[in-house]
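Please treat every number below as a calculation from the coordinates, not as lab data. Owing to the predicted nature of the structure, the values given are computational and were not obtained by experimental measurement. Don't worry about glycine lacking a Cβ; one is built from the backbone with ideal geometry, like all the others, and counts go over all protein chains shown.
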Amino acid sequence: MIRTGIICPSEIALRRFLPALKQLSDFEFIGVAIADKSEWTNANDTVINSERIKAEAFVTQYGGRIFESYTSIIHSNEVDAVYLPLPPALHFMWAKQALMAGKHVLVEKPATTSLTDVNVLLELARKNNLAVHENYMFTFHSQLAAIDDIVNSGEIGDVRLYRISFGFPRRPASDFRYNKALGGGALLDAGGYTIKYASMLLGETAEIVYAQSNYTDEFEVDVYGSAVLVNDKGTTAQVAFGMDNSYKCDLEIWGSKGCLTSGRVLTAPANFIPEVSLKIGDKTETRQLPTDDAFKKSIERFRDCIETGDTRSNNYKMILRQAKLVEDFIKQNDIRHNG
């Protein structure tokens, strides 16, 4: 039994993580931690009381108890693993402390905001035989394998181009995504999805050869952007992302004989039935893809990392690969703008 605690009563933890965890008999929910005043910058009684109210909904619906600080749950003998859905800039500090306390870590994407910090976490994890899992849950959805099967069947011919787009309308200004100090920005949020999927499609030799971050006057963080990735065979993926955009979550695969398009490829919830459109010549066909619970399967991957050394090591490599690509994006963008 993997006794699991949550650091911070976030919306995604209540709406997505706990319903998925409840389905898995080898996990036990122990409780959720709220911050004490020393653990949050500018925290006051109002903020802490708000977090407590949120945490009460967790234990009312799923049991467990409320821990009075992040530190207390990290050092609790009742807890084997922690789920960390804090804003990105806080991931490194709390994941590092959890690993130092001997806890396995399931962290929301991105794992950290820098390649240097990722290397520190992974070295700690290796040293202590601990699992670190970055929750890009879409990668476990069976629709991706179904799309691969269509491409590999040759129906649309040889792939000429992949195009991945993910963006959503502007959220409230108070959202952490628009706060530089909390690790906000379109690249680390929406952009990470597109880069992750592009690297899966192109394989281990994928490199970022073009990157562009775009800003508006309202925020200090990047609000939208784009990139081009190419592998050693010359296969290309164009990606675009944003968080002040009309909603898109699309994949287009342009082949020599036809074209495949799909929506919700990165964010399909449990029980949603994905579809693809195949256009070959003057004929267009819509096909349903498998439904799946990607969050549940991501937690199962976390379990496998805890239990199996080879799986754990492979996970380290995937996390490092993603961090390296994001870092390369930043370098390419800086070169374009600063020479």
Please find, among 109, 96, 103, the residue that is among the basic types (Lys, Arg), over 28 Å from residue 293 (Cα atoms) and touching a helix residue (DSSP H, G or I) at 6+ places or on another chain (Cβ under 9 Å).
-> 96
Check residue 58 against each of (1) under 28 Å from residue 269 (Cβ atoms); (2) in a loop (DSSP other than H, G, I, E, B); (3) touching a residue at least 40 places away in the same chain (Cβ under 8 Å) and name the one condition it does not meet.
-> (2)
Quick one: which strands (runs of 3 or more DSSP E) lie wholly within region 231-294 and hold at least 1 residues that are aliphatic (A, V, I, L, M)?
-> 236-242, 248-255, 258-263, 275-280
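Kindly indicate whether residue 25 is hydroxyl-bearing (Ser, Thr, Tyr), part of a helix (DSSP H, G or I) and surrounded by fewer than 18 Cβ atoms within 10 Å (Cβ to Cβ). Show your work before the answer.
On the way: hydroxyl-bearing (Ser, Thr, Tyr): yes; part of a helix (DSSP H, G or I): no; surrounded by fewer than 18 Cβ atoms within 10 Å (Cβ to Cβ): yes.
No: the conditions fail for residue 25.
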How about region 120-142: which of its residues are out of contact with any helix residue (DSSP H, G or I) (no Cβ under 7 Å at 6 or more places or on another chain) and either hydroxyl-bearing (Ser, Thr, Tyr) or under 28 Å from residue 166 (Cα atoms) (or both)?
-> 142
Please indicate, with yes or no, whether at least one residue in region 39-54 is at positive phi and either surrounded by 17 or more Cβ atoms within 10 Å (Cβ to Cβ) or touching a residue at least 12 places away in the same chain (Cβ under 8 Å) (or both).
-> no
Hey, any hits in region 179-196 for a residue that's surrounded by fewer than 21 Cβ atoms within 10 Å (Cβ to Cβ), assigned to a helix (DSSP H, G or I) and of a type in the set (Gly, Ala, Ser)?
-> yes
Region 64-91 - residue that is in a helix (DSSP H, G or I) and among the hydroxyl-bearing types (Ser, Thr, Tyr) and, of those, surrounded by the most Cβ atoms within 10 Å (Cβ to Cβ) = 70
Residues 3, 52, 65, 16: which one is of a type in the set (Lys, Arg) and under 20 Å from residue 137 (Cβ atoms)?
-> 16
